[in-house]
Every structure is written in C-alpha cells, then in structure tokens.
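Enquirer: One structure follows; several queries about it will come next.
Just so it is clear, none of the values below were taken in a lab; they were calculated from the coordinates. Here the structure is a predicted model, which means the values were calculated and not measured. Cβ: placed from backbone, ideal geometry, glycine included. Neighbour counts: every protein chain shown.
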Amino acid sequence: MSRSPSEPASPGLDPGRPVLAVEGLHITVAGGRTEAVRDVSFTVRAGEAVGVVGESGSGKTLTCRSLLGVLPPGCAVSAGSARLDGAELTSLSPRAWEELRAVRLGAVFQDPASYLNPSLTVGRQLAEPLRVRLGLSRTEAHARAVELFGSVGLHRPAEVYHRYPHELSGGMLQRVLIAVAVACEPRLLVADEATTALDTVVQAEVLDLLARLRDDLGLALLLVTHDLAVVAEVTDRVMVFYAGEIVEDGPTAEVVSRPAHPYTAALLSVASAGDWHRRELAVIPGRPPEAGAEPPGCRFADRCAFAEDRCRTARIPLATGADGRRVRCVRAAELAETLADPFRPAAVGPASAGPVSLDSAPVESTPIEEVSA
C-alpha cells in the first residue's frame, strides 16, 4: 500500500477503540410485517476480524447488509443503532450512504463478476473512485490503481489494468474487488461469503490477503461465512447466529474448542468434513423457525438434544459469563464439559425433529438473506 511502515494505520486511530458499534438492532422483512433479526448487539474494533456464522436464513447477511445500506426492497431497520466511528448509520440518506461507501466502509461479496461492469476495464473501474473520492488526477489514479492491483497479488498489474472482467479468472476478479474495496483505505471492510465460490488454493490466498490488509491498514474486518474452517483461520472473534439472534459470541479459538451453546456444538459436529474416520454424515435435523415466528423459550429447543422444559417457557437472554463470552442458553454452565468433549454427540435432537411449532412451518424456499422484491 502507499503508506510507509512507519506511518500509523489510520490518523488518530486507537487500536482498542470500536470502529463499529451495533446496539439492539432489529430488521423487518415483507414490508415490515415480519421481524427477521432481533436485538443484535456487538462491536468490531480497529484491526479486529470478527466472523459471523450460521445457517442460511439466520439473519447474518441481513445484519451486514444493513450496515452497508443495501438491504433488499421490503427490508428495513425497525429499531436499534449502528455507529461507524460514532456516526449513526441507520438514519443516513441515500446521498450520505454514497459518500460513506468506499471511503470509510468497504465491501466484498461472493460473486465479484456481478459487481463489476462488463463493458469497462477493471483498471478504469478502480481508477474512477480514486478520482471521485480522493480527487486524484487521471495520471495519479492510473498509477495508484496499478499499485493497488500489485498490492493484492495480481501479477503484471499494469496489464491487468487494461483487462475486462470476462478476461480474468474468479480469483483474479475477487482480488480486483478487494482492491476496489480498500482503495480509499476504509475503516471497516465487510466480506460476505467472499471466498465461497473459489477453489481451495485461491481461497487460501484471498484469506492471506485479507489478513495482510488488516494488519497493514488497521482494518476492522467483518467476515460472513458458512465455513467454520475459514473462521478459525482468519478471525479473532466469532458470532454465531440462529433464527435472527446471536446465540454465542466469543474468541474464535475458545468457541471452536469449547462451544458454549448446543447449536454451536452442532455446527462444529457437522462441519468436520476432513475427519475420514467418520462413518456417517452428521446433520442437524429439523429446520429453524420461520421468519417472524415467536416460539416461547429457546428457538433451538426443538432441535436440541439437551433441551428441558425450562428451555421452552420464557425468552432466553444473551448472558455474559465471567470469561466475557456471551451465550443464549440457560444450561450453558452445566453443559460446558459435555460440549467441550471432542467426542461429544452432535448436540441435536432426533432426526424426526420438526419445526419449532405448528405456527412456524418448515421453510423450503428462499432463505431470509435472499428476500427481495
């Protein structure tokens, strides 16, 4: 990057200061008739990488899209606050969002080709925001774009500058999109399934790139993924979403080795694809409750092998333990040793487990994150 090693990652940056602070966030879908995300609160600090995991429809992508101001039609933030460096995001006008994106807030998505204009060279698409946002001249923007392409690991960056998206591979396009996202050195980078469509080698290279940019720029990174291996490799902290709520939040190493919520343990049980000693494919039976359903008690109870009557009687708070980890489970303390056992069961109920209630029929079609007009 253009900054010398002796320069601070960002002027006036306090490494321990929250870059993003979300408090009590609620998001509705279907024109406000259904609440899909409920009471979500978390912070992301400068230089910190936070993972967001959960099944499709858990609300993780809706949460992150609300932070980017790109919620699908029919979806809206109904309550709560989200602040970037103290500036409220939930009440921004469209013009204010345009001024914020790419300068203080960057994003990388799963399919980079769909976010690049096929009729323009990738160099022009990178140089344009440099001219508009930073006021660089045409010559300066060209030189800076070539430098950025080189910094994200693209070989022969001067040649890549003149290529069109269809002339580049998926891995190269993802690097181009990352270069665009960090061109103006934003404070927060949101990566939503940024490595899902890439092969294993390219995925590892992109993850290494994100880690390096985080160190070089002091970026706060919010990484949304289904892949727990990616979370374990890249993030400092992980939040586990289920049915529109955070059910566990803590340091990644601790959550992966000692899950405190049965749902987290179940995710880890079904994610160990590299365990060749397994004779059966582990699954989490049943389905999450339908968006908007309000089952009493724990939303995971009907899929959980450890559920008791008290788990179904009242709403379960997201409690903070003595170690600072947050977990939404009334049995967290007594299940600690059981869930930490590497040979633990999948922590889920019987395979015949159905939906949470008759009022929340199984969702067979579009997950919450893909709601659109």
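Enquirer: Taking only C-alpha pairs under 8 Å that are 6+ residues apart, what is the relative contact order of the stretch 66-122 in percent?
Expert: It comes to 29 percent, rounded to a whole number.
Enquirer: Contour minus end-to-end for residue 308 and residue 124, with contour as 0.36 nm per residue of separation and end-to-end as the Cα-Cα distance?
Expert: 60.3 nm
Enquirer: Let me ask something else. Summing +1 for each Lys or Arg and -1 for each Asp or Glu, what net charge is found among the other residues whose Cβ lies under 10 Å from the Cβ of residue 80? Mind showing how you got there, number by number?
Expert: On the way: positive: 38; negative: 23, 39.
Every neighbour counted, the sum reads -1.
Enquirer: Evaluate the distance, in nm, between pseudo-label points positioned 7 Å from the Cα of residue 162 and of residue 140 along their respective Cα→Cβ axes.
Expert: Result: 2.5 nm between the two label points.
Enquirer: Provide the gained length on full extension for the span residue 323 to residue 98, in nm with one decimal, where the gain is 0.36 nm per separating residue minus the Cα-Cα distance.
Expert: Difference between extended and current length: 77.0 nm.
Enquirer: If you don't mind, there's one more thing I want to ask. Got a sec? How would 172, 239 order by Cβ neighbour count within 10 Å, fewest to most?
Expert: Least crowded to most crowded, the residues run 172, 239.
Enquirer: Something else: Using only the Cα atoms of the stretch 46-94, build the gyration tensor, take square roots of its eigenvalues as a ≥ b ≥ c, and label the shape rounded, prolate or oblate: rounded if a/c is under 1.5, else prolate if a/b is larger than b/c, else oblate. Provide the component values of the computation, followed by the final result.
Expert: Values: a/c = 2.19, a/b = 1.07, b/c = 2.05.
Since a/c reaches 1.5 but b/c is at least a/b, the shape of the stretch 46-94 is classed as oblate.
Enquirer: Now, a different point. Over the stretch 135-224, what relative contact order in percent results from Cα pairs under 8 Å that are six or more residues apart?
Expert: Normalised by residue count, the contact order of the stretch 135-224 is 27 percent.
Enquirer: So, in Å, what gap is there between the alpha-carbon centers of the stretch 25-52 and the stretch 154-217?
Expert: Each part reduced to its Cα centre gives a spacing of 25 Å.
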